[in-house]
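Working notes, beginning with the structure itself.
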Amino acid sequence: MSDYQHVLLAVDYTKHGVYVAEKARVLANKYQAKLSVIHVLDNIPMPDTSYGTVIALDQIAPDELLEAEKIKFMELGDQLAIDVVNRWMVWGIPTQEIINIADQEQVDLIIVGSHGRHGLALLLGSTANSVLHHAKCDVMAVRLIEK
Ligand code: AMP
């Protein structure tokens, strides 16, 4: 089996994101592979508040929220020592954009988190499942355990 040369980490900002990111970093180091990261914006980014996302729409400045999202993304890229040109923050449908970038950048391993959904939740679809079915390269699903 040949070593992986280009690993793509797909991140959302759930509480498990750091765990998945750390797995990607360790794996890329092990193979001495290039590490890229993608975050797909598929809705209006909302601020993290102790009240959740309850905020009047007319009080939101979308540019500021987008800027906060970019900062968060750049901080993650810095933590993982990922080259700025290998950080992808794009608008779209997560699965499609993850696969587009993987193809475009000749990625040979995509890393996603997986909640191991079953029943109705699985039928409704998950990003991990969809990437696994549509990617042309290997996909590693990091099992996320809810505690
Ligand atoms: P989900 O199936 O939506 O719970 O997400 C499972 C995994 O898919 C996450 O742990 C990420 O690796 C990836 N993912 C989900 N949403 C996004 C997104 N908007 N951008 C990039 N990756 C994502």
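Some notes on this structure:
- Exposure proxy order (Cβ contacts within 10 Å, fewest to most) of L80, L109: L80, L109
- Net charge in the neighbourhood of P94 (other residues with Cβ under 10 Å of its Cβ; Lys, Arg +1, Asp, Glu -1) is -3.
- Peptides 35-41, 92-98 ranked from most to least packed give 35-41, 92-98, packing being the mean of other C-beta atoms within 10 angstrom over each peptide's residues.
- Rounded FRET efficiency, nearest 0.05, which uses the C-beta distance separating D103 from K15 and R0 of 30 Å: 0.50
- Charge tally around C137: other residues with Cβ under 14 Å, Lys/Arg +1 each, Asp/Glu -1 each, net -3.
Computed from the coordinates by the stated procedures, all read-outs in this text should not be read as laboratory data. This is a predicted model, so every value here is computed, not measured. Positions of Cβ are backbone-derived with ideal geometry, glycine not excepted, and every protein chain shown enters the neighbour counts.
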